[in-house]
Amino acid sequence: MIAIAKVAVQGAAYHFDKLYDYIIPQPMAGVLAPGCRVTVPFGRGRTPRLGLVVRLDQGEENPKLKQIATAVDSAPVLTPPLMDLLFYLKETTFCTWFEALGALLPPGIGVKTNPAYALNREWEEDRQELPPAQRQIIEFLAPRRTPCLEDALCQALGLVPGCPDLAQLVELGAVQKTQQVTRRVRDERQIMVRPAAQPPEAAKITPKQQGVLELLEQAGSASLKEICYFAGVTRSVVDRLAAAGLAELYEVESYRNPYEGRMPPKEQEAIALSPGQQAAYGTLSALSQNGAGKTALLYGVTGSGKTQVFLKLIEHVAAQGRSALVLVPEIALTPQTIHLFHQRFGRRVAVLHSGLSMSQRLDEWKRARQGLADIVVGSRSAVFAPLETLGLIVIDEEQEHTYHSESAPRFDAREVARQRSRTEGALVVLASATPSVESFYQAKQGAYTLVSLPQRYGAARLPDITIVDMRDAGRQDGF
């Protein structure tokens, strides 16, 4: 028996979009897991394609089976709940595996593969028997210790990508062809400085270096930029300290914050609820306790204070160590919602919507994935946020058509939220002053819990409404 991975392949048309069997090479055994991306040879031409490991299996040896070429991810990019959503989208919408994957992952985490060539140093045949063009390729690759990208090779030698000379050398075994995988958006890295763990006892230092060491003793560690600014030195001073063994330079990942400088610190008072809001909150908080994956319709008139109920409910769920997801129908509504959430919860909030750049969306997604943010606010695509221990999903203005995706996979964010509630035990709160017909029907039938807020908050009054029969009004005016 051999280890086999069931792999979905990128670029497969719907009629042959299925899981293909690939042998897991020995170095990857025990490392690959469902949710990892790989590169695989596909089709008769063994064209390199990006793939996603969906399942692991055992099978009989088969000479027709190909091996996985490279592993793109050292750890799964999809958590188990997101893997469940991958199957859900594939089974309930007319889409391919990779169209479903595209909905689950931010675009910045995508990768591209580039062919690369390296000299096979075990090839022992006479190079002089090769044509001049092939000998030129061999001589170009000989001094290189790492594979050379095809574009760089062709540019240096004036060749055309995929030229017959390269293909012939690969077929002879003189040159090895591999695939180099690069991320579309690279991680933001920051250089940090800290005191050395075991500094030498007798080290001569300058006054400027002494100032840097004193600053490090106070701060413990700081970014290189901060050290140079506050100590009034250049990087060369810090580099000499590191060379002398008195300090250490290391890198950490930093996250690009799309709302830097827009979160003024503000002391937040406890949320005060009216009797009607308190009753609604009591019902919803009780539903969130048992983790049974309930759905509730919060039917509140305009100005009834539904947002305050959300905030109080999020605080309740967060106090239990669970995360929360808030969806709004339009990007235009997101800034005011984000401002409100940032004022109360600060950097615990991650934002996901298409108005951000690819790098910003990727970093916000990673913050949620790594547990650095336990509250996500966003538009329709945020329903796939990689939150762990999800306890609450709020869908504001749930009747809006923007919660329906019009491109593959054509999903309804409300139904995806309900699927997550079933598998993760989260409470789904559909909120609206004018709920959709289907949601109101489900609430009336008892499938959803109906929670009403019929009065406006405080002293605010609903406008007077007068129904006028225009037929009678026309006769009175003499028409």
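The values are calculated or read from the model by the stated rules, or taken from the named source; none is laboratory data. Everything numeric in this text was worked out from a predicted model, so none of it was measured. Ideal geometry is used to build each Cβ from the backbone, glycine not excepted, and the neighbour counts take in all protein chains shown. Just so you know, the surface numbers come from the protein's heavy atoms only, side chains and all, with ligands and any DNA or RNA stripped out. Shrake-Rupley method; radii C 1.70, N 1.55, O 1.52, S 1.80 Å.
Some observations on this one:
- Take the conditions (1) open to solvent by less than 20 Å² (accessible area, probe 1.4 Å); (2) touching a residue at least 40 places away in the same chain (Cβ under 8 Å); Ser359 misses just one of them, which is (1).
- Test for Arg235: is it without any contact (Cβ under 8 Å) to a residue 12 or more places away in the chain and under 30 Å from Val40 (Cα atoms): no
- So Val77, is it in a loop (DSSP other than H, G, I, E, B) and touching a helix residue (DSSP H, G or I) at 6+ places or on another chain (Cβ under 9 Å): yes
- In segment 228-260, residue nearest to the chain's Cα centre (by Cα) [restricted to those that are over 30 Å from Leu372 (Cα atoms) and crowded, with 16+ Cβ neighbours inside 10 Å]: Val238
- Test: residue in segment 195-215 that is in contact (Cβ under 8 Å) with a residue 12 or more places away in the chain, surrounded by 13 or more Cβ atoms within 10 Å (Cβ to Cβ), within 30 Å of Gln134 (Cα to Cα) and not acidic (Asp, Glu): no
- Residue within segment 323-336 that is in contact with a Lys or Arg (Cβ under 9 Å, 6 or more places away or on another chain), assigned to a strand (DSSP E or B) and either in contact (Cβ under 8 Å) with a residue 12 or more places away in the chain or closer than 28 Å to Leu78 by Cβ (or both) present: yes
- Qualifying residue in segment 375-385 (condition: out of contact with any helix residue (DSSP H, G or I) (no Cβ under 8 Å at 6 or more places or on another chain), surrounded by fewer than 18 Cβ atoms within 10 Å (Cβ to Cβ) and touching a residue at least 40 places away in the same chain (Cβ under 8 Å)): no
- Matching residues in segment 389-424 - criterion: being in a loop (DSSP other than H, G, I, E, B), open to solvent by 20 Å² or more (accessible area, probe 1.4 Å) and in contact with a Lys or Arg (Cβ under 7 Å, 6 or more places away or on another chain): Thr389
- From Asp84, Asp21, Asp57, residue being within 22 Å of Gln419 (Cβ to Cβ), acidic (Asp, Glu), open to solvent by 40 Å² or more (accessible area, probe 1.4 Å) and not in a loop (DSSP other than H, G, I, E, B): Asp84
- Segment 276-293, residues that are hydrophobic (A, V, I, L, M, F, W, C) and open to solvent by less than 30 Å² (accessible area, probe 1.4 Å): Ala280, Leu284
- Residue among Ile227, Ile271, Ile205 that is out of contact with any strand residue (DSSP E or B) (no Cβ under 9 Å at 6 or more places or on another chain), more than 30 Å from Phe310 (Cα to Cα) and of a type outside the set (Asp, Glu): Ile205
- Among residues of segment 180-191 that are closer than 22 Å to Asn114 by Cα, those with a beta-carbon under 8 Å from a residue that is open to solvent by 60 Å² or more (accessible area, probe 1.4 Å) at least six positions away or on a different chain give the pairs Gln180/Leu149; Val181/Lys112; Thr182/Lys112; Arg184/Lys112; Arg184/Met358; Val185/Met358.
- Any hit, segment 294-312, residues being in contact (Cβ under 8 Å) with a residue 12 or more places away in the chain, out of contact with any helix residue (DSSP H, G or I) (no Cβ under 9 Å at 6 or more places or on another chain), on the phi < 0 side of the Ramachandran plot and open to solvent by 20 Å² or more (accessible area, probe 1.4 Å): yes
- Of the listed requirements (1) assigned to a loop (DSSP other than H, G, I, E, B); (2) modelled with pLDDT of 95 or more; (3) among the aromatic types (Phe, Trp, Tyr), Phe94 misses just one: (2).
- The number of residues in segment 425-449 being buried (at least 17 other Cβ atoms within 10 Å of the Cβ) and touching a helix residue (DSSP H, G or I) at 6+ places or on another chain (Cβ under 9 Å) comes to 12.
- Candidates Leu32, Leu50, Leu65, Leu101 - the one that is surrounded by 12 or more Cβ atoms within 10 Å (Cβ to Cβ) and modelled with pLDDT of 95 or more: Leu101
- Ser407 meets the conditions (1) more than 26 Å from Lys90 (Cβ to Cβ); (2) within 21 Å of the chain's Cα centre (by Cα) in every case but one. The failed one is (1).
- Matching residues, segment 294-326, being aliphatic (A, V, I, L, M) and within 23 Å of Pro454 (Cα to Cα): Ala296, Leu297, Leu298, Val301, Val309, Leu311, Leu313, Ile314, Val326
- Looking only at segment 450-479, and only at residues there that are open to solvent by 90 Å² or more (accessible area, probe 1.4 Å) and not in a loop (DSSP other than H, G, I, E, B), the one that is modelled with the highest pLDDT: Met470
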